[in-house]
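The values are calculated or read from the model by the stated rules, or taken from the named source; none is laboratory data. Model, not experiment: these values are computed from the prediction. Positions of Cβ are generated from backbone atoms using ideal geometry, with glycine treated the same way; all protein chains shown enter the neighbour counts. Just so you know, the surface numbers come from the protein's heavy atoms only, side chains and all, with ligands and any DNA or RNA stripped out. Shrake-Rupley method; radii C 1.70, N 1.55, O 1.52, S 1.80 Å.
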Amino acid sequence: MRADETMTEHSQVTQTNAKAVPTLPDAQTVISVKHWTDRLFSFRVSRPASLRFRSGEFVMIGLMGDPDPKTGKQKPLLRAYSIASPSWDDELEFYSIKVQDGPLTSKLQHIQPGDQIILRPKPVGTLVHDALLPGKRLWLFATGTGFAPFASLLREPETYENFDQVIVTHTVRDVAELDYSRSLIEEIQNDEMMHELIGKDNLAKIVYYPTTTRQDSPKMGRITTLLQDGTVFADLGIDGINADTDRGMVCGSLGFNKDIKDVLEGFGLEEGANSDPKHYVVEKAFVG
Ligand code: A2P
């Protein structure tokens, strides 16, 4: 199966393929699904009229689980997912891994336009501007699907009002796993509506720094290593990271979050929270 033929097919809701499904509690309708690789997909769903959130937050989403063999009762199977769309969007976007034996994503990867998913409308999270002190440079550090909250924040005007430069690092295993972040950044930098909303000069503040760890690419290595050995700073022509000017948001695996915290603390940055804004904030990416 060639990735460029079948994996990136983008389907839209039409009258003909919308399925009649019994209404779930907190149900939302799938609008489109895009498969990026055999491990990654993104999808858009309807947004509850009452849902307000801050770009960078997450919600619980899922499907009904299999019926209990004894009682026949079904329970919702929910996981935390960062909202990848910005707070002003009419629809909600999510970016997900497919885990073949994962209780939720083994099913979720098969959703089609017109299907329903469960979405609990209670957004929360720490990857929000309110949790950071003002600064000059914003670093968005992601591994894998940890890019999702940054897909939201990069489409949020406030991100550019607050900072002179927005450096997005995305570390993945293979080159194809960068497709979502790369095309999203290209799209927002070239989109007329985004120019009007955010401004071309503001969008030019984005510096995209993708790295791969397993497949050959122009920049290889874990971002943690590349920060510690100074490669990132040499590549970008900056002195380094310091608490006066630099702010960070982190989203990735548990191991990544822990290691990059140590790196950032080593540069003198302190972890912030909604109630106590500081220099950087961390959120775990959903896996499984
Ligand atoms: P690596 O290939 O060296 O494990 P995954 O697909 O397992 O979630 O990993 C996504 C990316 O995050 C991979 O490139 C992986 O590198 C990298 N990664 C995993 N753990 C860490 C860590 N502790 N520090 C930095 N990068 C990490």
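Among DSSP beta bridges whose residues both lie in the chain, state the antiparallel percentage, nearest 5. List each step's numbers first, then the result.
On the way: 30 of 58 bridges.
If I count the DSSP bridges inside the chain, around 50 percent turn out antiparallel.
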Neighbour count of at most 16 Cβ within 10 Å plus DSSP loop: longest GluC sites (Glu not before Pro)-free window in the chain: 10-269
Using only Cα atoms and rounding to the nearest 10 degrees, what angle (0 to 90) does helix 179-190 make with the longest principal axis of the chain? 70 degrees
Given unit charges at Cβ for Lys, Arg (+) and Asp, Glu (-), the dipole magnitude of region 143-288 about its Cα centre in debye, nearest 20, is 480 debye
For the chain, set up a GNM with springs between Cα atoms under 10 Å and report which of 104, 153, 51 has the largest fluctuation. 51
For region 30-160, the dipole about the Cα centre with charges only on Cβ (Lys and Arg +1, Asp and Glu -1), to the nearest 20 debye, works out at 220 debye
Under 20 Å between alpha carbons - lysine pairs in region 20-108 that sit 8 or more apart or on different chains: 5
Only four residue types carry charge here, +1 at the Cβ of Lys and Arg and -1 at the Cβ of Asp and Glu. Report the dipole size of the chain about the Cα centre in Debye, rounded to the nearest 20. 1080 debye
Hey, rough spin-label estimate for residue 27 and residue 238, points 7 angstrom out along Cα→Cβ, what's it come to in nanometres? 4.7 nm
If R₀ is 41 angstrom, what is the calculated FRET efficiency for the pair residue 91 and residue 229, using the beta carbon separation as r and rounding to 0.05? 0.50
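If each DSSP helix of 4+ residues adds -39,500 (n - 2.57) and the sum is divided by the residues in the chain, what number results at 222 nm, nearest 500 deg cm²/dmol?
Value at 222 nm, helices only, nearest 500: -5500 deg cm²/dmol.
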Enter the angle in degrees (range 0 to 90, nearest 10) between the Cα long axis of helix 254-266 and the first principal axis of the Cα atoms of the chain, meaning the one along which they spread out most. 20 degrees
Label zone at residue 80, where the point sits 7 Å out along the Cα-to-Cβ direction: region 261-288 residues whose backbone N lies under 11 Å: 282-287
Given 252, 65, 114, which one lies farthest toward the positive end of the charge dipole of the chain, if we put +1 on the Cβ of every Lys and Arg and -1 on the Cβ of every Asp and Glu? 65
Please give the contour-minus-distance gain from residue 284 to residue 51: 0.36 nm per residue of separation, less the Cα-Cα distance, rounded to one decimal in nm. 81.6 nm
Log entry: pair-distance distribution for the chain, C-alpha pairs binned every 10 Å from zero, whole % per bin is 6, 28, 35, 22, 7, 2, 0
Just report the Cα centroid separation between region 38-77 and region 184-214, whole Å. 29 Å
Square roots of 5 times each gyration tensor eigenvalue, C-alpha, region 202-278, largest first, Å: 22, 16, 13
Residues of region 70-88 with the amide nitrogen closer than 11 Å to a label point 7 Å from the Cα of residue 217, along Cα-to-Cβ, please. none
What accessible surface, in Å², does a 1.4 Å probe find on residue 36, ignoring ligands, DNA and RNA and rounding to the nearest 10? 30 Å²
Taking +1 at the Cβ of each Lys and Arg and -1 at the Cβ of each Asp and Glu, which of 147, 193, 209 sits farthest along the dipole of the chain towards its positive end, judged by Cα position relative to the Cα centre? 147
